[in-house]
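The next block holds one structure in the form of structure tokens; read it before the comments.
Read-outs: derived from the displayed coordinates by stated rules, not from any lab. This structure is a prediction, so every number in the text was calculated from the model and none was measured. Cβ atoms come from the backbone with ideal geometry, glycine included; neighbour counts cover every protein chain shown.
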Amino acid sequence: MEIEQVKPNKPNFLLIVILFCVTILVFFVLAYLFLDFEGGHLTFRHHTQHPTSQLVLTATPARLA
């Protein structure tokens, strides 16, 4: 059989749709596991602030002139 007589493989549309759906579901599951939506902020679920990353002002006595 010569190469000119072989029909080309057509893309399988159902396979493409199924792979796309599986990919989207994997992204949604990963986002659900690793991200947290709190009050309008999207953060990593296991994120903890470093204790020295906060500004703590000490109370100073008020002086009168």
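At-a-glance table
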| read-out | value |
| --- | --- |
| Virtual spin-label span in nm between F34 and T58, 7 Å along Cα→Cβ | 4.2 |
| Inter-probe distance in nm under a simple model that places probes 7 Å from Cα toward Cβ, at E2 and T23 | 3.9 |
